[in-house]
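Below: the structure, in structure tokens.
The values are calculated or read from the model by the stated rules, or taken from the named source; none is laboratory data. Predicted model only: the values in this text are computed from it and were never measured. Cβ placement follows ideal geometry from the backbone for every residue including glycine, while neighbour counts extend to all protein chains displayed. When the accessible area is computed, the model is the full protein with side chains, heavy atoms only, and any ligands, DNA or RNA have been set aside. Shrake-Rupley method; radii C 1.70, N 1.55, O 1.52, S 1.80 Å.
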Amino acid sequence: MTWSKTSLIFLALLLCSVLWLLAQRLHLKEPPTFMPLIQQNAECSTGTNKSSSALILFMNTESVARNLSQALCENQVVGKQFGKVRAFWSHSEAQVLQFVGKGIADLALIKENLLEAVEGESTYGYKMVAAYPDYSAYLIAMREKPLISKEYLLGKRLGLLDYPTSRSGHIIPIQLLKSLNLPLDNMQIAYANSHTELRKLLTSGQVDIISSFWRESDETILSKNYITPIEQAVSGSKWYLKMDTNNIDLFCAVQHTLIDIARNQNSSYFSRLTTEPNCHVE
């Protein structure tokens, strides 16, 4: 049996009409909302609030996500307002755009330039709760001090981070290569998923140089004599809370929790958390 072109068009129009009528009968007033598909997440119950409401966190590090979510679940203010805390972590810029660009995250640790790019402050009322200090980005080697020149870098195996939102591990070194007129296609670049993995690539001899920040624990495996600064005022990440309802109690609870966690950090960098504005509750 063969169908004419006219018959096929008629059937298509009939199907569209049936679907439209079904939609009208279901009275769908607004489309359902979907959480971005991301497997890296943790959830805990506040224990005091039986509602299904959740405080949504987003950041790039699993350990921070788990520690912070658990601390917030134990906070009395959070317990009054939410039934659970859900934490998500990812290095993906696409996930940042999902969680912050669409206002899904209540609390997020991101770079200021990304928040500005998605207009998070004006659209969803994101307000800075706390910030980590600025830092420097370096080229780091094992047995020699790296040089910033086309002749030196050409032929070197370079370790970078595999996510484009990292300034010290991706953005700044890429900008450096471009300024030296070194096409990426001509470079031997190995990509890692974290700064710790970058150091493993370097110490195992899989790369000659990495681009990263310097931390105190590096002294045990690397030498400060073999680092070269490529940018000395890199903006640190900041914590932003969605304040579209001017929830001052939650703002203060989150800020105090972040301060408590920072005090227990072994890292001298992540322990230097600044809070502006400081939260004072009468």
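Filtered by the rule that a residue be basic (Lys, Arg) and surrounded by 20 or more Cβ atoms within 10 Å (Cβ to Cβ), segment 147-192 gives a lone residue, Arg167.
Conditions tested, residue by residue: (1) touching a strand residue (DSSP E or B) at 6+ places or on another chain (Cβ under 9 Å); (2) at pLDDT below 85; (3) not acidic (Asp, Glu).
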{"residue": "Lys178", "(1), (2), (3)": "no, no, yes"}
{"residue": "Met187", "(1), (2), (3)": "yes, no, yes"}
{"residue": "Ala192", "(1), (2), (3)": "yes, no, yes"}
{"residue": "Asp208", "(1), (2), (3)": "yes, no, no"}
{"residue": "Ser211", "(1), (2), (3)": "yes, no, yes"}
{"residue": "Trp214", "(1), (2), (3)": "yes, no, yes"}
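For segment 186-228, the set of residues classified as β-branched (Val, Ile, Thr) and either part of a strand (DSSP E or B) or out of contact with any Lys or Arg (no Cβ under 9 Å at 6 or more places or on another chain) (or both) consists of Ile189, Thr196, Thr203, Ile209, Ile210, Thr220, Ile227, Thr228, listed by residue number. Considering only residues in segment 57-78 that are in contact with a Leu (Cβ under 8 Å, 6 or more places away or on another chain) and open to solvent by less than 30 Å² (accessible area, probe 1.4 Å), the one that is nearest to Gly169 (Cα to Cα) turns out to be Met59. Only one entry of Val85, Val96 meets the criterion of being in contact with a helix residue (DSSP H, G or I) (Cβ under 6 Å, 6 or more places away or on another chain), open to solvent by less than 20 Å² (accessible area, probe 1.4 Å), outside any helix (DSSP H, G or I) and β-branched (Val, Ile, Thr), and that entry is Val85.
Candidates in segment 142-193 are the residues that are polar (S, T, N, Q), in contact with a helix residue (DSSP H, G or I) (Cβ under 9 Å, 6 or more places away or on another chain) and touching a residue at least 40 places away in the same chain (Cβ under 8 Å); of these, the one that is farthest from Ile227 (Cα to Cα) is Thr165.
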